[in-house]
Amino acid sequence: MCSGRVDLEFVLRAFSNGMDGVFIGGCRLNECNYITHGNYHALNMALLCRKIMEHIGLNPERLRIEFMSSAEGNRFAEVMGEFGNNVKELGPLGKGKGEGIDQNELKSKLAEMRKLVPYIKLVKNEKLASRLVNPEEYDKLFTKDEIDKLFSEVISYYIDPEKCQACMTCAKRCPAEAIISAKNQIHVIDQEKCIKCGTCFEVCPPKFRAVTKISGEPVPPPLPEEKRTIVRKSKEKKEN
Ligand code: SF4
Ligand code: SF4
């Protein structure tokens, strides 16, 4: 398949499954048959992933991307041999040069990163669409400070129970089924399922503006189930 189809999630999943190295092979840059130039996307994704690896304490040399044509068998064999040797030298994942991470900690860090993939892709959307022509620019596309900031300022979404009118728009549009929704019930975001796409924030009608963005602060606890029923003013009047 096209190297452009290799998602950040695939690479992190491979490491989560214990792979010691990941190699991505793509067609030569600027020789793509399609206007999409998926191999540039693969390159940017790999550059981003290498910085994420550094952030969680993995040696980025465990991920390599190369571009070559199907007629370059010798070059492919050479590159694979070299990469295989490098990975062998690094040793098992998490225990190589400059690593030394506890296996359980590594697992939980990788799980955390995998959960954030949609968010990372959304926030770094523009840079992921770059077409770098000079390999000297590769290492500068994503910086260490930028990646540290990305993870220290992760955004969460929260539905303000005082403002939610249970119109259900957010729940219908949420791509992760992360919103606990029922008729006449204040809606609640399940933070474990939320992929931080921001759709609920965008679609909540302006007259309610019930969804808020939270960064660098804990998300308030969800409203207890027994307190979620909305009593409409008109209903209250009739009952009185
Ligand atoms: S940000 Fe909102 S719409 Fe997106 S996954 Fe989370 S709850 Fe669903
Ligand atoms: S779209 Fe806004 S008002 Fe409607 S259910 Fe969701 S949070 Fe509540």
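The values are calculated or read from the model by the stated rules, or taken from the named source; none is laboratory data. Please read these numbers as outputs of a predicted model, since none were measured by experiment. We place every Cβ from the backbone using ideal geometry, glycine too, and count neighbours over all the protein chains shown. Surface accessibility is based on the protein's heavy atoms, side chains included, excluding ligands, DNA and RNA. Shrake-Rupley method; radii C 1.70, N 1.55, O 1.52, S 1.80 Å.
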> Of CYS164, CYS197, CYS2, which has the most accessible area with a 1.4 Å probe, and how do the rest follow in descending order?
Replying inline: CYS2, CYS197, CYS164
>> What are the equivalent ellipsoid semi-axes of the range 7-65, built from the alpha-carbon gyration tensor (square roots of five times its eigenvalues), in whole angstrom, biggest first?
In response: 23, 11, 9
> Could you give the radius of gyration (one decimal) and Dmax (whole number) of the Cα atoms in the range 6-131, in Å?
Replying inline: 15.1, 44
> Any idea how far apart GLN191 and LYS163 come out in nm if each label point goes 7 Å out from Cα toward Cβ?
Replying inline: 1.8 nm
>> Between VAL133 and ARG173, what is the label-point separation in nm under the 7 Å Cα-to-beta-carbon projection?
In response: 3.9 nm
>> On a full-extension model of 0.36 nm per residue, what is the gain between ARG5 and VAL154, subtracting their alpha-carbon distance, rounded to one decimal in nm?
In response: 51.1 nm
> What pairs from LYS88/LYS127; LYS95/LYS149; LYS107/LYS193; LYS88/LYS121; LYS121/LYS183; LYS95/LYS121 go past 22 Å between their alpha carbons?
Replying inline: LYS88/LYS127; LYS95/LYS149; LYS88/LYS121; LYS121/LYS183; LYS95/LYS121
> Amide H of ILE24: which non-local residues (sequence gap of 5 or more, or other chain) have their own amide H closer than 5 Å, using H built in the peptide plane?
Replying inline: ARG64, ILE65, GLU66
> What aspartates and glutamates could a cross-link reach from LYS213, if we take a straight Cα to Cα line under 17 Å and drop same-chain neighbours fewer than 8 places away?
Replying inline: GLU153, ASP160, GLU162, ASP190, GLU192, GLU202
> To the nearest 10 square angstrom, how much accessible area does ARG28 have with a 1.4 angstrom probe?
Replying inline: 90 Å²
> Can you pull the accessible area of TYR119 for me, 1.4 Å probe, Å² to the nearest 10?
Replying inline: 10 Å²
> Of all DSSP beta bridges in the chain, what percent run antiparallel (nearest 5)?
Replying inline: 60 percent
> Any idea what diffusion coefficient the range 72-160 gets from Stokes-Einstein, in µm²/s, Kirkwood Rh on alpha carbon pairs, 10 °C, 1.306 mPa s?
Replying inline: 95 µm²/s
> Based on the alpha-carbon gyration tensor of the range 115-213 and its eigenvalue square roots a ≥ b ≥ c, which shape applies: rounded if a/c is under 1.5, prolate if not and a/b is larger than b/c, or oblate?
Replying inline: prolate
> Tell me, what HN-Hα J-couplings in whole Hz come from the Karplus equation 6.51 cos²θ - 1.76 cosθ + 1.60 at θ = phi - 60° for each residue of the range 171-188, using x for Gly and Pro?
Replying inline: 5, 5, 9, 5, x, 10, 6, 9, 10, 6, 9, 7, 4, 6, 10, 4, 7, 9
>> Solvent-accessible area of MET168, probe 1.4 Å, all protein chains present, reported in Å² to the nearest ten, please.
In response: 50 Å²
> Using the Kirkwood radius built from alpha carbon pairs, what does the Stokes-Einstein equation give as D for the chain at 20 °C and 1.002 mPa s, in µm² per second?
Replying inline: 103 µm²/s
>> Give me the percent relative contact order of the chain, please, defined on Cα pairs under 8 angstrom at least 6 residues apart.
In response: 17 percent
> What do you reckon, how do LYS163, LYS51, LYS207 stack up by accessible area (1.4 Å probe), largest on top?
Replying inline: LYS207, LYS163, LYS51
> Taking only DSSP H segments of four or more residues, each worth -39500 (n - 2.57), what value at 222 nm results for the chain once the sum is divided by all its residues, to the nearest 500 deg cm²/dmol?
Replying inline: -11500 deg cm²/dmol
> Ignoring ligands, DNA and RNA, what percent of the accessible area of the chain is carbon or sulfur (1.4 Å)?
Replying inline: 50 percent
> Do any cysteines in the chain lack another Cys Cβ under 4.7 Å, and if so which?
Replying inline: CYS2, CYS27, CYS32, CYS49, CYS164, CYS167, CYS174, CYS194, CYS197, CYS204
